[in-house]
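Below is one structure; the comments refer to it alone.
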Amino acid sequence: MAEYRHLDYMLLDEKFSEEELMVRDAVRTWTSERFIPLIMDHFEAGTFPTELTPELAELGVFGPTIPEEYGGAGLNSVSYGLICQELERGDSGLRSFVSVQGSLVMYPIYAFGSEEQKREWLPQLASGKAIGCFGLTEPDAGSNPGGMLTNAKRDGGDWILNGRKMWITNGTISDVAIVWAQTEDGIRGFCIPTNLPGFSAPEQKHKWSLRASITSELVLEDVRVPDSMRMPETTSLRNPLMCLTQARYGIAWGAIGAANSVFDEVLGYTKERIVFDKPLAGYQIPQAKLAEMATQITMGQMLALQLGRLKDEGKMTPAMVNMAKRNNVHVALNIARTGRDMLGANGISLEYQTGRHMCNLESVYTYEGTHDIHTLAIGNELTGIPAFR
Amino acid sequence: MKIVACVKRVPTTEVQPTIAADGKSVDANGLQYMLSFYDEIAVEQAVQVKEKLGGGEVTVLTVGPKDSSKELRECLAKGADKGVILIDENWTSRDCLSTAKALAAQVTAEGAELVLAGRVATDRDNAAVGPMLATLLGWACVTDVIELSIEAGKGVAKRESDAGVEEYEFALPAVITCQKGLAEPRYAGLKGIMAAKKKPLEEIAIDPAANQASVVSLAEPPARPAGRIIGEGTDAVAALIDALRNEAKVI
Ligand SMILES: Cc1cc2nc3c(=O)[nH]c(=O)nc-3n(C[C@H](O)[C@H](O)[C@H](O)COP(=O)(O)OP(=O)(O)OC[C@H]3O[C@@H](n4cnc5c(N)ncnc54)[C@H](O)[C@@H]3O)c2cc1C
């Protein structure tokens, strides 16, 4: 396979610090050399390459923005964005694995957990010795997580958890689960080991998207947990939404990585593929498509970069993340669909990256807030009138 | 032990280089840089020697522009302790001897006992700076090394030659040039990158010696002649053998 080249039409590389570029290049090289050669078979088999977990930990991509005392690398948010971009250039399943571990498991423990929970779990999660999952969505509560039925009832000093979660990334392979549940006083988050009696996480099979990512149900049947497993700083639905803001931030960058992977492949292919005696790239229709792809990628890069700078300055709002996740995933999906077509029959082969990205991005379009829900969130921000309820 | 790894940044293979308007240099426009392949091995080997000895200091040293800091920081992220750039904005046209002289002065100033360098820089392909450096310093030199062990005051190196594998013993100080297979460069982890920020990176102004050999003109390699299809299927085998034997003269 040809060496990967990312599009940098507007010389945005000049806007990154030396350290940020080093982070990006380190993750890019690892992805090219260690991950891309494995992904086709894992995607086809419907498995995640868990054998790479120690290498990912060694690279330092689990919770890289967490302070060093808890096992993180203390990186800034732009670096974290670049990490997501490079991992998703490999596969959305890889980025999902890392997003969940960092943004949806380490972040809530760091932000809402007790000192004891932080000391117990963060170093293990950073070093990949423990894998985590985040259980919010339920069979009857997706876009409306406040409608969850999973509940926690007091029993002396303990809690008894009951309910069912669906579509939970990493569930089956997790050692620790962040579970959100209704209590008498509102929604609370629990940080529980997955070997507790009454807890099970059967895998959801037969997915045609994000195949190289484990997706599971979480079944909680009278799971008894001590109060020390409740994350003390969780008080409402706001807390899981704060986690999602972190993860969506990474997705806004990640989608650009997937789009760039497609663009690189399609550009190379159309320049080499000869039809009617000249390269496909020499015809106006493919050029129009390439021009559109390059423009959309460039705009997405600028959106992600500005969002990242604002996050590092403490000025990022959830409404900004709504816009970036919505736009960048949308353009990435469109680019992948167009690219799939431009590769002809090769577009449906897993020997190429594009078809796999196209399938994956359908999940990314839906999870972490569907496209339409983000549209309504932006609408709410602009008008002050919520249209989603 | 103080160890110096000599490194050079070279253009990445992403961009097809073109000849500049002056007809004797490569157009730097749009070029990206990376560490030369064999120099990465030199840095890795230096770090491994230090780790094995359980102490010491690895300095990465380059003659180049200020921008070389990116490549040197990468070395620091992979375990080197200190970087030194001998600033030479005309680094691309600097000849081997002038480069070796600048390196030799700094190696002496560092008080190093062991110098590791790539066997060749992948841009100019001279394979000369390492041996010249050893000559200027008056040190032992083993080139194209595939296996190395260092103890106090001495070392053993294996090199592959046409005649087979040669094993050398040498006394320190020494200059070793590194061949593929000597060490497998590690990935820079993100923690290493953060740690690299705090490591010293010195820029030293130098007054390089004049070139003794300079490039007067540069030409692209001749275009490859078009291929020829001799025939199809087993019928073509005889014609193919004939062409390989009598035209190409390879069998
Ligand atoms: C591969 C994968 C991995 C996932 N991983 C996780 C995980 O790790 N943890 C987790 O908690 N969840 C996870 N999810 C779940 C995901 O977040 C939800 O699927 C998502 O929030 C959408 O919920 P839903 O599927 O119930 O769809 P619904 O909410 O039923 O939406 C269906 C459609 O209706 C639209 N819609 C919904 N409400 C409105 C409205 N008010 N107005 C207009 N349109 C509306 C939506 O935009 C969508 O088009 C994952 C999902 C997938 C596919």
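Quick note: the coordinates plus some simple rules give every number you see, no bench work behind them. As the structure is a prediction and not an experimental result, all values here were calculated from the model. A quick note on method: Cβ atoms are made from the backbone with ideal geometry, for glycine too, and the neighbour counts reach across all protein chains shown.
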Angle between the Cα long axis of helix A:77-90 and the longest principal axis of chain A, 0 to 90 degrees, nearest 10? 60 degrees
Among A:GLU265, A:GLU14, A:GLU68, which one shows the biggest mean-square fluctuation in a GNM of chain A, springs joining Cα atoms closer than 10 Å? A:GLU14
What do you get for Rg/Rh over region B:10-55 if you use C-alpha atoms and the Kirkwood form of Rh? 1.28
Among B:GLY79, B:GLY155, B:GLY227, residue whose mean-square fluctuation peaks in a GNM of chain B (springs only between Cα atoms under 10 Å): B:GLY227
Provide, as a two-decimal number, the C-alpha radius of gyration of region A:132-229 over 2.2 N^0.38 Å, N being how many residues it has. 1.04
If you average the C-alpha positions of region A:184-227 and of region A:1-73 separately, how far apart do those two centres end up, in angstrom? 27 Å
Degrees separating the helix A:354-366 axis from the principal Cα axis of chain A, which is the longest one: 40 degrees
For region A:12-126, take N as its residue count and report Rg(C-alpha) divided by 2.2 N^0.38 Å. 1.08
For A:SER363, A:SER209, A:SER99, A:SER200, order by how many other beta-carbon atoms lie within 10 Å, fewest first: A:SER200, A:SER209, A:SER363, A:SER99
Considering every pair of different Cα atoms, what Kirkwood radius, in Å, is found for region B:1-95? 14.2 Å
Stokes-Einstein translational diffusion, region A:98-167 - Kirkwood Rh over all Cα pairs, 1.306 mPa s, 10 °C, in µm²/s: 116 µm²/s
Arrange A:MET242, A:MET323 by Cβ neighbour counts within 10 Å, fewest through most, would you? A:MET242, A:MET323
In what order do A:TRP180, A:TRP208, B:TRP139 fall by count of nearby beta-carbon atoms within 10 Å, going from fewest to most? A:TRP208, B:TRP139, A:TRP180
Only helical DSSP H runs with n ≥ 4 go in: add -39500 (n - 2.57) per run for chain B, normalise by residue count and round the 222 nm mean residue ellipticity to 500 deg cm²/dmol. -7500 deg cm²/dmol
Give the Debye-formula value of log10 I(q)/I(0) at each listed q (0.08, 0.12, 0.14, 0.16 Å⁻¹), with one equal scatterer per alpha carbon of chain B, two decimals each. -0.38, -0.74, -0.92, -1.13
In Å, the C-alpha Rg and Dmax of region A:238-383 are 16.9, 60
Determine the relative contact order of chain A: mean sequence separation of Cα pairs under 8 Å and six or more apart, normalised by residue count, in whole percent. 18 percent
Cut-off under 30 Å on the C-alpha distance; same-chain residues fewer than 8 positions from A:LYS118 excluded. Which lysines are left, in chain and number order? A:LYS129, A:LYS153, A:LYS165, A:LYS311, A:LYS315, A:LYS325, B:LYS78, B:LYS191, B:LYS197, B:LYS198, B:LYS199
Give the Debye-formula value of log10 I(q)/I(0) at each listed q (0.06, 0.12 Å⁻¹), with one equal scatterer per alpha carbon of the protein assembly as shown, two decimals each. -0.41, -1.24
Identify which of A:MET302, A:MET231, A:MET166 has the largest mean-square fluctuation in a Gaussian network model of chain A, with springs joining Cα atoms closer than 10 Å. A:MET302
